[in-house]
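Notes for the one structure printed next.
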Ligand code: SF4
């Protein structure tokens, strides 16, 4: 399992999640419209979920149906071309 950042992050990208993630697995690169959690690195600690000011973060099995595309986006995102943190 991993946590997923959903659509509410678009236009917000607050970065509070980045500050609390103990394994630096929340990524972005210039031009991104939202942050991405690397599902291969996330340790499911849940620290990011309550600090998001727009409630954009869910465990992957609790993502609302109308946000399910963000699960696939997180799986396909090119983490090698990105860096941990808020890099916009
Ligand atoms: Fe990072 Fe924990 Fe959130 Fe996963 S659940 S992205 S490890 S803070």
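The values are calculated or read from the model by the stated rules, or taken from the named source; none is laboratory data. The structure displayed is predicted, hence computed values, not measured ones. As a convention, Cβ positions derive from the backbone with ideal geometry for all residues, glycine included, and neighbour counts pool all protein chains shown.
Any idea how many residues of the stretch 58-69 are surrounded by 10 or more Cβ atoms within 10 Å (Cβ to Cβ), without any contact (Cβ under 8 Å) to a residue 60 or more places away in the chain and assigned to a helix (DSSP H, G or I)? Residues flagged as surrounded by 10 or more Cβ atoms within 10 Å (Cβ to Cβ), without any contact (Cβ under 8 Å) to a residue 60 or more places away in the chain and assigned to a helix (DSSP H, G or I) within the stretch 58-69 amount to 3. Residue check: residue 72 meets all listed conditions (1) without any contact (Cβ under 8 Å) to a residue 12 or more places away in the chain; (2) assigned to a loop (DSSP other than H, G, I, E, B) but one, namely (2).
Checking each residue in the stretch 40-57 for being more than 9 Å from the ligand (Cβ to nearest atom), more than 11 Å from residue 7 (Cα to Cα) and surrounded by 15 or more Cβ atoms within 10 Å (Cβ to Cβ) picks out only 52. The set of residues in the stretch 10-38 that are out of contact with any strand residue (DSSP E or B) (no Cβ under 8 Å at 6 or more places or on another chain), more than 8 Å from the ligand (Cβ to nearest atom) and modelled with pLDDT of 95 or more comprises 10, 12, 14, 15, 16, 19, 30, 31, 32, 33.
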